[in-house]
Each structure stands twice: as C-alpha cells, then as structure tokens.
Amino acid sequence: MSARGFPPHPARDRAGSVPTRRTILRACVLTGLSVPLVTSCGGGEEKPDELLALAAAARRDARDAARLAKATPELRQQLDLVTTTRRAHATTLQSEIDREHPPDEDDPKPGPARGKAGSVEALAQALDEAERSATQLIPRLPAYRAGLVGSVAGACASLRGLAPELSTERDNQEEPELEHLEPAGTIELPAESVQGLQQALATEHAAMWVYGLVSAFLPADFAEALDRAAAEHRARRDATKRMLTSASATPRPAEPAYQPPKPVNDEASATGLVVTAEADATVAWRGVLERTDNRQLRGLALRALVSSAKRGSLWRAEAGQTPSVVALPGKPGR
C-alpha cells in the first residue's frame, strides 16, 4: 500500500466491568489539537538542553514500571512494555542530547532516577505528564527534534491504552474537531513542507479506502470504532487539503483503489491491513513535523501522529502483534 493507520482506549464493557479491547477501540479519544507555543528567551549563558527533562522522566518511568511490575503480577505484561518503551525513549533522547552537546569524558553518565516507585496510578499520571511536556516543547524545537519528540508523545499516549489502570481522565475527554482548523489566510510553506503534506494527504486517502474495505471483513461490534476512525481520517484529509490550498498548492486526489500488501479475505488480514494503514500515517505525519516550522501545521501533524499511534497500538494488540506499542511511532523503518 502507498499510505499508513488505526485505534483507542479503555472505558467499561457491556457488563460494566473491566473493558474489553473492542469497547476500547470504540472509545478512542485523541490528544488535543492545540499545541501551546512557548517563547524562549535569548541572551545570557547557554541553557541546559531542552530534552534533558524528557530523558530524565523517561528513565524515572522505566524504573518505576520495572519495580511496579514485580509487585503487580496482574499487570506485569503491560508494565514490562512501559519499562522497555520508556528505556528506549531515555536512550534515544540522551543520544540526541549528546549529539548536540558532546559530553566531556569526565562528565558523569546519566543514570536512572533514584527514589521509591509510586503507584500504578502515579505512573499513569507520569506518562500523561510526559506527553504534555513533549507537546509543549514541539513548537520551539528544530525540525528533526520535533519529529523525535512527537514520536515520544505518541508512544506515551499509546502506553496509557494498555490497561484501564494506566488510563487518565484526559483519555476520556472529547477531542477538538478538525473541521475548525482553518489556516489564517494565505500561508507560506517551503517546498519540502508542501511535499510532506502531499505525502500525508496520500496516506489519509489510502486510510479512508482501507477502512471502507475492512468493514466487510470485521465483526459488527467493530462498526463504531471503524466509523470513528474513518471520520478522523476524513477530517484530517480535509484539513490537509485546506492547508495545501492556503499554501497555493494543489492537493493531490485519491487513487481509484489501492493495492494491499497482502490479500484481505478474513478478520485477521483485515486487522493487519488497518495496522499497516495507521503505521503509514505515523510515518507520514512525523515526516511533516520534520519538514515544517509552521506552528499550526505542527499542531495538525502532532495530533495526527499521536492519534494514529494510539489506534495502531490497539489494532496491533487486537491482531496479536507484539509489542503492541511501538517505542518511536513514525520513525522510518518501524
């Protein structure tokens, strides 16, 4: 296929007890579209690297999840995945910090944050805060770092979908509608930003086609999740077309049909295709983050990346794929 993307998070199942993955898939909610713009101050001595706090938080979350996994056997599998994902974040973020500011040989090596592990609820709040912190950084980061930090935000949001105990109040909030995202008049985008947007538009066209196709092969209780996902991709497609038009570019049309990488003839192959569609979307939208400094466009790209990362994680779990959460969603080759 030529594009990438699918769903969500735990509420309560039909019996009112622990939510099933299908009720989670129906209830997918997204990170808010608005990305606060933080202004940096100039002058003075060199500031600490902006990624240091994110790396330290990742090391702390990995440590807490590892300790909690030993004390909470019923959540061991989910907490182990939090551990490995956040360790990967810490390693990748520290590598970027060291690339930008090569450490002296005598500098102390960063280790895991020390202290006593808290509760599973506290870990869920920490993952929520990590996503918020990443989101707040993105408007002022260089393009490459914006893509990296966007992937971290997407993974933190996805980790909270592993179990009801890891979810937070924000996961059940209504998402803002993309229909209200209107560029303020004509905008200027460099050619590479336009190219990235065109690629993202192609993945949205393909994702909508995929959701139409798989609806014939998935059980009826997936219908609401499929409708929500298709509506989100449709809204993204329309927002992307408006953005391109405002940048004096002509949005490319959808293909008449798309060729799945494998034949779709049953529930398993349909689920696998949705996983591919959402994964393709994360790659495309991380690519947009890495190709623009436009604040509004970064907001759209971040929402799309986080949304598809969350949907993709839950579809991966539904398909029995491991790990269900990709540590850096959108990273090429993942």
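Brief remarks on what is shown
- Residues in region 37-70 that are over 22 Å from the mean Cα position of the chain (by Cα), among the hydrophobic types (A, V, I, L, M, F, W, C) and at pLDDT below 95: Cys41 only.
- Scanning region 293-303 turns up one or more residues that are surrounded by fewer than 22 Cβ atoms within 10 Å (Cβ to Cβ), in contact (Cβ under 8 Å) with a residue 40 or more places away in the chain and outside any helix (DSSP H, G or I).
- Taken over region 252-270, residues that are within 17 Å of Ala200 (Cα to Cα) and buried (at least 17 other Cβ atoms within 10 Å of the Cβ) amount to 1.
- Just one of the listed residues (Pro260, Pro219) is in contact (Cβ under 8 Å) with a residue 12 or more places away in the chain, farther than 26 Å from Ala157 by Cα and touching a Leu at 6+ places or on another chain (Cβ under 7 Å), namely Pro260.
Results for (1) within 21 Å of the chain's Cα centre (by Cα); (2) outside any loop (DSSP other than H, G, I, E, B); (3) modelled with pLDDT of 85 or more; (4) closer than 26 Å to Ser307 by Cα, shown as yes or no for each residue.
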{"site": "Lys109", "(1), (2), (3), (4)": "no, no, no, no"}
{"site": "Leu123", "(1), (2), (3), (4)": "yes, yes, yes, yes"}
{"site": "Thr135", "(1), (2), (3), (4)": "yes, yes, yes, yes"}
{"site": "Arg170", "(1), (2), (3), (4)": "yes, yes, no, yes"}
{"site": "Ala184", "(1), (2), (3), (4)": "no, no, no, yes"}
{"site": "Leu189", "(1), (2), (3), (4)": "no, no, yes, yes"}
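The values are calculated or read from the model by the stated rules, or taken from the named source; none is laboratory data. Since we're looking at a predicted model, the values are computed, not measured. We place every Cβ from the backbone using ideal geometry, glycine too, and count neighbours over all the protein chains shown.
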